[in-house]
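Bear in mind these aren't lab numbers, they're just calculated from the coordinates by the rules spelled out. Since this is a predicted model, take the numbers as computed values, not measurements. Reconstructed Cβ throughout: ideal geometry from the backbone, glycine too, with neighbour counts over all protein chains shown.
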Amino acid sequence: MFSKPEVGWVDINIGGYTINGSYLTDIPMDFLDSLIPSLKSNLPISIFIDEEGIEDIICAYYNEVYIIVRNGDDVEYKKIDMDFNLLRKEIINGIETYLNEWINWNMDDDVKVLKNRENELRTKLSIAKEFFKKYI
């Protein structure tokens, strides 16, 4: 789902549709912040992504993913048929696989900031993985 994050950019591929996300939004934190309550209470997922000129909102529930794409005054809606739990699993796997890159996502070189970010990402990822167990 996620390409390897590099210099503040990442490709997010959902059902063949690719979003080129920028560091202007904190993609791993935003995904985890939406995923955790989704897993805890079986709620939809909703995430905003900035592509620097194009804005995307991902909404997912049950077996449908909707992506709202805003490019200036133009708005497109994309519907992707995808298993909700597969999407949830791909979010967890994509953040876990590239954890070191996500820690450095904001391109901050302050050791204390990076350590706090690492702890927060690891904690949220652990919580998401624990809640996901009931859906396996």
### Query
Are there chymotrypsin sites (Phe, Trp or Tyr not before Pro) in the stretch 51-136 that DSSP marks as loop and that have at most 11 other Cβ atoms within 10 Å, and which are they?
TYR62
### Query
Taking a threshold of 26 Å on the Cα-Cα distance, which of the pairs LYS112/LYS134; LYS40/LYS89; LYS78/LYS134; LYS112/LYS133 fall above it?
LYS112/LYS134; LYS78/LYS134; LYS112/LYS133
### Task
Whole number please: convex hull volume per residue, Cα atoms of the chain, in Å³.
94 Å³
